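Notes to accompany the following structure.
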Amino acid sequence: MDFSYIQETFESLTELLGQDPFTAILEYVGTFAGAISGIRLASVKKFDWFGAYVIGLVTAVGGGTMRDVMLNLPPFWMRHPSYLVTTFVALVAISIFGRRFISERITWFVFDTVSISLFTVLGLEKTLLLGFPGWCAIVMGVVTAVFGGVLRDVLINEVPLIFRKEIYATACFAGAVLYMALLDLFGAPPMVCGIVCMTVIFVLRALAIRYSWSVPVLRGRRRHIHKG
């Protein structure tokens with residue numbers, strides 16, 4: 001029996017970003033969580049398996065793809081087919097435990113928030129490893145976290161979540177700024193910075209939902225056109 005594909009998938013876990021196992025784990029947990037959040041919404045919209053898989057994949061890799069394109073790199077998932085497999089595993093999980101995933105909003109919140117928390121850290125670390133300044137890393141962290149969700153919402157015909165008043169991209173930005181502050185001002189290890197960043201994003205999102213915090217809405221006046 002040929003186990004070469006399984007070996008290739010396993011080896012890809014430790015090849016990401018300078019063979020850093022911690023980063024590899026973040027990548028795959030984030031991919032699975034992002035795929036779950038996308039497939040869950042596709043299920044609500046009554047998509048078929050293929051359509052749901054596409055939505056899950058776009059959600060999981062869309063932000064990282066945009067990041068890599070902006071950093072003039074080949075998209076990360078094109079070198080590691082295991083991301084496609086991870087998304088398929090998420091699809092199978094939804095099909096087996098679909099009722100719980102689809103009906104309970106808290107389940108979607110957990111997977112979606114875990115996804116954007118992990119992707120924020122991954123975007124920061126990859127950008128810094130390439131030698132870009134801290135402000136650019138903050139931007140790339142937010143892009144990595146939220147752009148997949150933007151593509152997901154556009155494809156399922158919803159207003160993207162980051163354009164609504166809910167605390168979403170703002171939480172990622174706050175976590176990314178804190179990451180850079182801990183790294184530059186206090187010399188904290190990247191792993192500590194990442195854990196703090198993810199915790200802040202998760203807590204901010206949870207508190208925003210619990211206490212109905214939101215970003216102020218920009219309100220403009222509509223001009224009435226009189227016919228006659």
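The values are calculated or read from the model by the stated rules, or taken from the named source; none is laboratory data. Every value quoted in this text rests on a predicted model; they were computed, and no experiment measured them. All Cβ positions, even for glycine, are placed from backbone atoms using ideal geometry, and neighbour counts span all protein chains on display.
Key figures for this structure:
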| item | result |
| --- | --- |
| Boolean, residue 225 is surrounded by fewer than 18 Cβ atoms within 10 Å (Cβ to Cβ), at pLDDT below 90 and in a helix (DSSP H, G or I) | no |
| Single condition residue 145 does not satisfy, out of (1) more than 17 Å from residue 62 (Cα to Cα); (2) in contact (Cβ under 8 Å) with a residue 24 or more places away in the chain | (1) |
| Residue, farthest from residue 113 (Cα to Cα), within region 167-201, restricted to residues that are at pLDDT 95 or above and of a type in the set (Ser, Thr, Tyr) | 179 |
| Entirely in region 1-61, the helices (runs of 4 or more DSSP H) that have 1 or more residues that are at pLDDT 90 or above and surrounded by fewer than 24 Cβ atoms within 10 Å (Cβ to Cβ) | 21-44 |
| Given (1) at pLDDT below 95; (2) touching a helix residue (DSSP H, G or I) at 6+ places or on another chain (Cβ under 8 Å); (3) within 20 Å of residue 60 (Cα to Cα); (4) not small (Gly, Ala, Ser), index of the condition residue 154 fails | (2) |
| Members of region 71-83 found to be in a helix (DSSP H, G or I) and surrounded by fewer than 15 Cβ atoms within 10 Å (Cβ to Cβ), listed by number | 78 |
| Considering residues of region 156-205 that are surrounded by 16 or more Cβ atoms within 10 Å (Cβ to Cβ) and among the small types (Gly, Ala, Ser) only, the residue farthest from residue 44 (Cα to Cα) | 188 |
| Scan of region 26-78 for residues that are among the basic types (Lys, Arg) and touching a residue at least 24 places away in the same chain (Cβ under 8 Å), ordered by number | 40, 45, 67 |
| Flag if residue 145 is under 26 Å from residue 44 (Cα atoms) and either aromatic (Phe, Trp, Tyr) or assigned to a helix (DSSP H, G or I) (or both) | yes |
| Boolean, residue 138 is under 25 Å from residue 203 (Cα atoms), in a helix (DSSP H, G or I) and over 16 Å from the mean Cα position of the chain (by Cα) | no |
